[in-house]
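The values are calculated or read from the model by the stated rules, or taken from the named source; none is laboratory data. All values reported here derive from a predicted model rather than from experimental measurement. Here the Cβ is made from the backbone with ideal geometry for all residues, glycine too, and neighbour counts use every protein chain on show. We work out accessible area using only protein heavy atoms, side chains counted, and drop any ligands, DNA or RNA first. Shrake-Rupley method; radii C 1.70, N 1.55, O 1.52, S 1.80 Å.
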Amino acid sequence: MTKLDSKIPSGPLESKWDRHRFSEKLVSPHNKRKLTVIVVGTGLAGASAASTLGQLGYQVECFCFQDSPRRAHSIAAQGGINAAKNYQDDGDSVGRLFYDTIKGGDFRSREANVYRLAQISGQIIDQCVALGIPFAREYGGQLANRSFGGVQVSRTFYCRGQTGQQLLLGAYSALCWQIERGQVTMRPRTEMLDLIVVDGQARGIVVRDLVTGRISIHTAHVVVLATGGYSNVYYLSTNASGSNVTATYRAWKQGAAFANPCFTQIHPTAIPPSDAYQAKLTLMSESLRNDGRLWVPKMPGDTRAPREISEGERDYFLERRYPRFGNLAPRDIASRAVKAVCDEGRGVGPNGHGVYLDFAGVVEQHGLDVVSERYGNLFEMYHRITGEDAYHAPMRIYPAPHYTMGGLWVDYNLMSTIPGLFVIGEANFADHGANRLGASSLMQGLGDGYFILPYTIGHYLATAKLPPVTEDHTEARKAHHRVLNRMARLLAAKGRRTAASFHRELGSLLWNYCGMSRTKIGLKLALSSIPTLREDFWRDVVVPGTGDCFNQELEYAGRVADYLEFAELLCHDAWHRQESCGAHFREEYQTGDGEPTRDDTRFAHVAAWEYREGASPILHKEPLAFEFVQPTTRSYQ
Ligand SMILES: Cc1cc2nc3c(=O)[nH]c(=O)nc-3n(C[C@H](O)[C@H](O)[C@H](O)COP(=O)(O)OP(=O)(O)OC[C@H]3O[C@@H](n4cnc5c(N)ncnc54)[C@H](O)[C@@H]3O)c2cc1C
């Protein structure tokens, strides 16, 4: 039976983390050498954690499914990373970053976690500068900042439109140093397929070598999952195609509670899909909304070229509806506003699924060179994909699944409900409530990996009883069998449909009924359709080849099989949450002018779901107490 204990330290918010760190037990250097840590994932969260733990002296075994750790999805991050440095002197502070994040998440995150994140945000930038990250600088040499959605200060540090790439190269260099020192053993092209739990503690994983097909058991004293988010459950998303839910979902099946799975973020500015067979969407960074203005024609069905539509005939709908934040309204709000104007028949481009993001004003004011310096690589990417020149005609953009605030439940120490299983980065649920603000994920992933986990894992290792566990342990063998059985079942199906065709069907079901807006009727339909689709999958999927060699169809089919189970949990959570908050918009709960209505009396809690074989999951609620911020109606008008 799962028991939620958030372990939030008592006392004033400002000193919780300092006092907690001081009270944590340490592991002596000579004992660290005897302790092994498994880290699954080499994105910003995993690479920063693995390198720091290696540097501290632990023996780290690190896994990723890419051919190199530096190809993790984090490399795609574009716009920037937040920190409360107040370099602009524009009124920023730790308190303001904390408040913006709590409000941005629509009062569905833990105060203590968010405050700690704001506190360490400055250290993250210092660490990155020390690692040589080439952040953009002002003419005078000071690090430059820009604004992101949902805030009125400039606190986003960036490397042009390639911030994730540069930050990951830094974390990767630190990781390589530890690999070279022999502290980290790196195992790329290896996929975790199950978790080994011994006497209630996470003690290892079962993995498949994606090149040889070999299944092996790896045991350790503690396991860290840094396996990213699950937006690809929607089939089309801005995430790397390989990002998936398998690691966290299979940990869920072994007893780790899954929190708020229905909190999925739809980003307003992706390039619209061009046909039904497209398998990937491309983000146009939120940073573009610093200078780009969103608009649609006032007249429905207006098919004239954008430059033929005069100023008076345009509706700058975000500036009109949210005059205080304008084009920098938070993502959930901007996405819904885009959908609303498209639903009114005022969308642009093929199928009317698009709005303009226009740079004419900034080009006229600052010139092409300045715009190219700020956003050149994004404009180039847009040109390569659409053939259109965004310097001279507006971009067309449309919302797309992008980020998942839900994830495995963790306490203040980033430990899941399975002792010894720590979860960091996008894979956990911890800091963003019902909606993440732009540029806050990189901050969280690096904060977890560089500054939080290295302390809290030490306390666990110093205090837990951890008898030796070898590959022959019964629980390890059981996990090994589970993996073999599932693979054999996939290979035995010998049906007629590809895994991709099931994934596409599931994605469209979720997008229509559990996407940007949700209704009781739609969710009911999704909840009755998903089990049928799942049955069809197991009866009719075809997985060519065998399991004992390189077989990407097999890898993918395993991930789709997990999505087909996980999607039900996602809809179940959305069904249960009878309120609108952040990215979770239930149409039944809105004001007359379409703004969401939250229900703090019934839903100011984290919904943490416990797995039960063959039965509905059990809901556990972690109440959210707001001692320092008063939940108010979230308004950006
Ligand atoms: C296009 C785009 C732009 C973005 N821009 C920004 C931005 O500007 N600012 C910002 O703050 N956020 C941004 N984000 C969000 C941010 O990039 C991600 O949330 C963040 O990088 C996630 O990092 P992570 O380390 O948690 O996971 P990831 O980077 O997704 O890494 C996951 C790792 O886990 C491994 N893994 C997963 N499953 C398994 C398994 N079963 N077995 C073995 N290994 C496994 C993978 O191989 C990988 O190494 C953006 C996201 C996208 C899609």
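Explain nothing, just compute: Karplus ³J(HN,Hα) = 6.51 cos²θ - 1.76 cosθ + 1.60, θ = phi - 60°, for every residue of region 289-297 in order, whole Hz, x for Gly and Pro.
6, 4, 10, x, 10, 8, 8, 9, x
For region 172-271, what class follows from the C-alpha gyration tensor (a ≥ b ≥ c being the square roots of its eigenvalues): rounded when a/c is under 1.5, otherwise prolate if a/b is larger than b/c, else oblate? Walk me through the numbers before you get to the answer.
Numbers: a/c = 1.88, a/b = 1.32, b/c = 1.43.
In terms of gyration-tensor shape, oblate.
Bin by bin, in steps of 10 Å, what percent of the Cα pairs in region 528-586 do you find, going until the bin that has the longest distance?
The calculated distribution, bin by bin, is 20, 36, 25, 14, 5.
Quick one: which residues, 5 or more positions from VAL410 or on another chain, have an amide H under 5 Å from its amide H? H modelled 1.01 Å from N in the peptide plane, none for Pro or chain starts.
Close amide H contacts, sequence-distant or interchain: PHE429.
So if a site counts as exposed when it's one of the GluC sites (Glu not before Pro), its DSSP state isn't H, G, I, E or B, and it has at most 11 other Cβ atoms within 10 Å, what's the longest stretch of the chain without one?
Working: sites that count: GLU138, GLU613, GLU627.
The reported range is 139-612.
What's the center-to-center distance, using Cα atoms, between region 219-281 and region 488-537 in Å?
Result: 15 Å between the Cα centres.
If you fit an axis through the alpha-carbon atoms of helix 453-463 and take the longest principal axis of the Cα set of the chain, what angle between them do you get, 0 to 90°, nearest 10?
On a 0 to 90 degree scale, this one is about 20.
Can you give the helix-only mean residue ellipticity at 222 nm for the chain, where every DSSP H stretch with n ≥ 4 adds -39500 (n - 2.57) and the sum goes over all residues, rounded to the nearest 500 deg cm²/dmol?
Numbers: 18 runs with 227 residues, N = 637.
Rounded to the nearest 500, it is -11000 deg cm²/dmol.
Pull up all non-local amide H partners of VAL198: gap of 5 or more, or a different chain, and H-to-H distance under 5 Å with H placed in the peptide plane.
ARG203
Counting DSSP beta bridges with both partners in the chain, what percentage is antiparallel, nearest 5?
Values: 44 of 63 bridges.
Close to 70 percent.
When all alpha-carbon pairs of region 274-357 are counted, what percent fall beyond 15 Å? List each step's numbers first, then the result.
Working: 2063 of 3486 pairs.
Above the 15 Å cut-off, region 274-357 has 59 percent of its Cα pairs.
Do any chymotrypsin sites (Phe, Trp or Tyr not before Pro) in region 62-153 lie in a loop, going by DSSP, with at most 11 other beta-carbon atoms within 10 Å of their beta carbon, and if so which? Could you put the intermediate results ahead of the total?
Numbers: sites: PHE63, PHE65, TYR87, PHE98, TYR99, PHE107, TYR115, PHE135, TYR139, PHE148; in loops: PHE65, TYR87, PHE107, PHE135, TYR139, PHE148.
For chymotrypsin sites (Phe, Trp or Tyr not before Pro) across region 62-153 that sit outside H, G, I, E and B with at most 11 neighbouring Cβ atoms in 10 Å, the list reads TYR139.
Taking the Cα centre of the chain as origin and charging only Cβ (+1 Lys, Arg; -1 Asp, Glu), how large is the dipole, in debye to the nearest 20?
1200
Show me, for region 484-499, the HN-Hα J-couplings you get by feeding each phi into the Karplus relation (A = 6.51, B = -1.76, C = 1.60, θ = phi - 60°), rounded to Hz, glycine and proline as x.
Coupling constants for region 484-499: 4, 5, 5, 5, 4, 5, 5, 6, 7, 4, 6, x, 10, 9, 6, 4 Hz.
May I ask for the equivalent-ellipsoid semi-axes of region 521-633, computed as the square root of five times each C-alpha gyration tensor eigenvalue and listed largest first in whole Å?
On the way: eigenvalues 269, 56, 37 Å².
Its equivalent ellipsoid spans semi-axes of 37, 17, 14 Å.
Can you give me the P(r) profile for the chain? Cα pairs, bins 10 angstrom wide beginning at 0, each as a whole percent.
All Cα pairs considered, the percentages come to 3, 17, 28, 28, 17, 6, 1, 0.
Within region 380-483, list the trypsin sites (Lys or Arg not before Pro) lying in a DSSP loop whose Cβ has at most 13 other Cβ atoms in a 10 Å radius. Show your work: numbers first, answer last.
Numbers: sites: ARG384, ARG396, ARG436, LYS465, ARG477, LYS478, ARG482; in loops: ARG436, LYS465.
Sparse-neighbourhood loop trypsin sites (Lys or Arg not before Pro): LYS465.
Please identify every one of the trypsin sites (Lys or Arg not before Pro) in region 1-93 that sits in a loop by DSSP and has no more than 14 other beta carbons within 10 Å of its own beta carbon.
Details: sites: LYS3, LYS7, LYS16, ARG19, ARG21, LYS25, LYS32, ARG33, LYS34, ARG70, ARG71, LYS85; in loops: LYS3, LYS7, LYS25, ARG33, LYS34, LYS85.
Here the trypsin sites (Lys or Arg not before Pro) that fit, given the DSSP loop and packing criteria, are LYS3, LYS7, LYS25, ARG33, LYS34.
Using a Förster radius of 35 Å, what is the FRET efficiency between GLU388 and SER501 based on their Cβ-Cβ separation? Nearest 0.05, please. Let's see the in-between values first.
Values: r = 31 Å, r/R0 = 0.88.
The pair GLU388/SER501 has a calculated efficiency of 0.70.
Could you report region 82-167's accessible area per residue, 1.4 Å probe, as an integer in Å²?
34
With θ taken as phi - 60° and the coefficients 6.51, -1.76 and 1.60, list the Karplus ³J(HN,Hα) couplings across region 228-240 in order, rounded to whole Hz; mark glycine and proline as x.
Working through the residues one at a time gives x, x, 10, 4, 5, 4, 7, 6, 8, 7, 7, 6, 4 Hz.
Under Stokes-Einstein, with the Kirkwood radius over Cα pairs standing in for Rh, what whole-number D in µm²/s applies to region 496-564 at 25 °C and 0.890 mPa s? Before the final figure, lay out the partial values.
Working: Rh = 12.9 Å.
Rounded, D is 190 µm²/s.
What is the set of long-range amide H partners of LEU193 at a cut-off below 5 Å, with H atoms built 1.01 Å from backbone N?
Amide H to amide H, under 5 Å and 5 or more residues apart or across chains, LEU193 pairs with VAL206, VAL207, ARG208.
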